[in-house]
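A short write-up of the structure that comes next.
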Amino acid sequence: MTSVDLTSSKKDEDEEREIMHDDLAEDGEHEDVSSELDAAQQEYLAHNQQLEELLSPMFLDEAVLYKLARRFSTTYRNLALTSDQQFLPTPVTQLPTGRETGRYLAIDVGGSNLRVAFIELLGEAVDSDVRPTDATERSRDTIRKAQRQRVKRTLERAWPIQEHLKMDKAEDLFSWIGDCIAEVVAESLSSDATKKDIPAELDMGITFSFPIMQESLAEATLMPMGKGFAISSNLNLGNILLNGYEKHTRRPDDEDEPSTKRRKLFALPKLKIQAITNDTVATLASLAYKVKSLPNSRVAMGIIVGTGCNATIPMKLSALHESKAKSVNTMDPGAVETIVNTEWTISGAAPPLKELNVTTKWDVELDQACARPGFQPFEYMTGGRYIGELIRLILFDYLTTIAELSKRSLPANLVQEYALTTTYISDLVAKARSDNDLAQALNKSLPPPESSDWRWDAQAAGAFRKIARAVQRRSAGLIAAAVVGLLACAREIELKEDSNSSSPENPASPQSNDDAITESAGAPDAAVASLNSAAVAANHAGQGHVVPVLDPTPIDWQSGPEELVVAYTGGIIQHYPQFKEMCQQYIDRLIMRTGPQRGGKSVFLREASDGGVIGAGVLAGMVVRK
């Protein structure tokens, strides 16, 4: 079935390339045929050329991205050794074994939502150590284990964090969180499964999508939260969360105050915090637990590409500043490595962006209008909070210069800061079937003022699509360069001096690559993951997909190709059309450009859906199992 899908994908992409080649050829013949074009056609061609020139600073070719990955790698190593704001050690000094079991309460506090659930870890199969002798049976056994459910979620609830809660005092916010936790716990105790056995306390893991400082896995100091929250003072996260829930551990007749609508007629068990972590570490832990049964696969790092952007990766203590390593060894004297929270968007990692002229005038404009100019330049180029605003700035520039429209004739959401959201663009612009269809939709959802004579037409809508895709393509390329650079920083892969001869084909222009960057036949993650790098190379050879091939063969090839898994989550990389596929294609090209990796290593993005809440349960299970 896979070969049919890949063949179909090859045919479709070959047709796309022929069309793009014809378009480029036609562009080269403009001068020859200009006399045969009428005035309207000439105006259209001139307009397109102006738009391409406007967007040219947004196009990053493969050579630039490779240089960026190498410079990121060097920068990250320096930050690990010197920075007190980036590459921060966490108390997690090892990944899960996959054998952890048990049922744990998990809480995930994000920037927009609170999620509470019970996470049951099912561990390895009972017969996991019994290996069939027949090769075919071994293969089937491997597939069965890979498909086996390893995590069960029950009684999961989610609540939006309303704006008034974000502006409340810390005690009020965490009292509300405590009420929500109590609802799930009470529901659990009233179910048939637990009615006869009410525990004295529940083991709990917490994921917090905000800056925290930790001296142990079960303790954390909450730093100023940001993301629209008014809380600015440093707080003991565990204590304030337990205080918010504590009133539910007393019977109503034990106190004078009346019970609220969430209170039950019996006392709820107390909570025991086993682990507190941030969302990126939780994502890494959740997928590491779930892929233990996949052959030749190892979770090497985790990324978040949502409202913001961040990454985490295991690093040797010897690669960190002495004070960082000491803080880890204080918690775990035997540790030789730790999971590092990179905070890779902070300004310390910005120099390569400036050195390679990645930063455009629109990036500068966006940065200067931020609450903290210069603080997170990489996030301003890649985070969901900013992609829509960046597109708005470029579109506004296009409409007022090339299209020569006045500011007063434009839709209000194109004039007002942050009024054009990334979600709107993802749902409407990125999914539009044609320029005409998009123009009709824009006239309804993004109309100009009634006093304006201008209306969206196919030309303006087409420009909107091109601008949005240029920003998306650059963002995906930057994420790919950062991923490859971080893996090289941690010595997972090697990035050699660039050589065009190491790439099997000359990279196409960014414009012609626009529609070619897609994943083969939309193959499911599990199916793609089962292909080794040699098979992938063979299947994609004629399609323009560039992936690692082994020539010459490394001396340790007999051990089999290893797949380095990058666990990902976040609204942009999960839901923005073709964003993940673009990232994967760029990663493949950058890995190929450096030549064969030892052990036939390839790098593969794999979704860690709901990694925050699952990771909280996994980390709690790791602590209890000790």
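Values as computed for the structure displayed
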quantity: Any hit, region 109-128, residues being β-branched (Val, Ile, Thr), crowded, with 17+ Cβ neighbours inside 10 Å and either modelled with pLDDT of 95 or more or part of a helix (DSSP H, G or I) (or both); calculated: yes
quantity: Filter pass, ALA432 being of a type in the set (A, V, I, L, M, F, W, C), surrounded by fewer than 16 Cβ atoms within 10 Å (Cβ to Cβ) and under 30 Å from ILE573 (Cβ atoms); calculated: no
quantity: Region 551-578 residues that are on the phi < 0 side of the Ramachandran plot and acidic (Asp, Glu), paired with ones that are surrounded by 15 or more Cβ atoms within 10 Å (Cβ to Cβ) and at pLDDT below 55 (beta carbon under 7 Å, 6 or more apart); calculated: GLU563/ALA529
quantity: Qualifying residue in region 298-309 (condition: surrounded by fewer than 15 Cβ atoms within 10 Å (Cβ to Cβ) and closer than 30 Å to GLU219 by Cα); calculated: no
quantity: Positions within region 392-417 being surrounded by fewer than 14 Cβ atoms within 10 Å (Cβ to Cβ), hydroxyl-bearing (Ser, Thr, Tyr) and farther than 18 Å from LYS361 by Cβ, in sequence order; calculated: SER406
quantity: Restricting region 290-313 to residues that are assigned to a strand (DSSP E or B) and out of contact with any Leu (no Cβ under 7 Å at 6 or more places or on another chain), the residue that is nearest to GLN472 (Cα to Cα); calculated: VAL305
quantity: Helices (runs of 4 or more DSSP H) within region 322-390 that include 1 or more residues free of Cβ contacts under 8 Å to residues at least 40 places away in the same chain, among the charged types (D, E, K, R) and outside the structural domain of VAL281 (by TED's automatic domain parsing); calculated: 322-331, 351-355, 361-369
quantity: Set LEU55, LEU105, LEU81, LEU60: member being in contact (Cβ under 8 Å) with a residue 40 or more places away in the chain and touching a His at 6+ places or on another chain (Cβ under 6 Å); calculated: LEU81
quantity: Test: residue in region 382-393 that is within 30 Å of SER451 (Cβ to Cβ) and of a type in the set (Lys, Arg); calculated: yes
quantity: Matching residues in region 377-430 - criterion: being among the basic types (Lys, Arg) and farther than 24 Å from HIS47 by Cα; calculated: ARG385
quantity: Residue list for region 327-350, filter: closer than 26 Å to GLY570 by Cα and either in contact with a Lys or Arg (Cβ under 7 Å, 6 or more places away or on another chain) or not hydroxyl-bearing (Ser, Thr, Tyr) (or both); calculated: ILE339, VAL340, ASN341, GLU343, TRP344, ILE346, GLY348, ALA349, ALA350
quantity: Condition met for LEU420 (touching a residue at least 24 places away in the same chain (Cβ under 8 Å), assigned to a loop (DSSP other than H, G, I, E, B) and within 25 Å of GLN50 (Cα to Cα)); calculated: yes
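Residue-by-condition table, conditions (1) small (Gly, Ala, Ser); (2) out of contact with any strand residue (DSSP E or B) (no Cβ under 6 Å at 6 or more places or on another chain); (3) loosely packed, with under 15 Cβ neighbours inside 10 Å; (4) modelled with pLDDT of 70 or more:
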position: ALA186; (1), (2), (3), (4): yes, yes, no, yes
position: LEU189; (1), (2), (3), (4): no, yes, no, yes
position: ASP192; (1), (2), (3), (4): no, yes, yes, no
position: ILE198; (1), (2), (3), (4): no, yes, yes, yes
position: SER209; (1), (2), (3), (4): yes, yes, no, yes
position: MET213; (1), (2), (3), (4): no, no, yes, yes
position: GLU219; (1), (2), (3), (4): no, yes, no, yes
position: MET225; (1), (2), (3), (4): no, yes, no, no
position: ALA230; (1), (2), (3), (4): yes, yes, yes, no
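The values are calculated or read from the model by the stated rules, or taken from the named source; none is laboratory data. From a predicted model like this one, the values you see are computed outputs, not experimental measurements. Cβ sites come from the backbone with ideal geometry, for glycine too, and all protein chains shown count toward neighbours.
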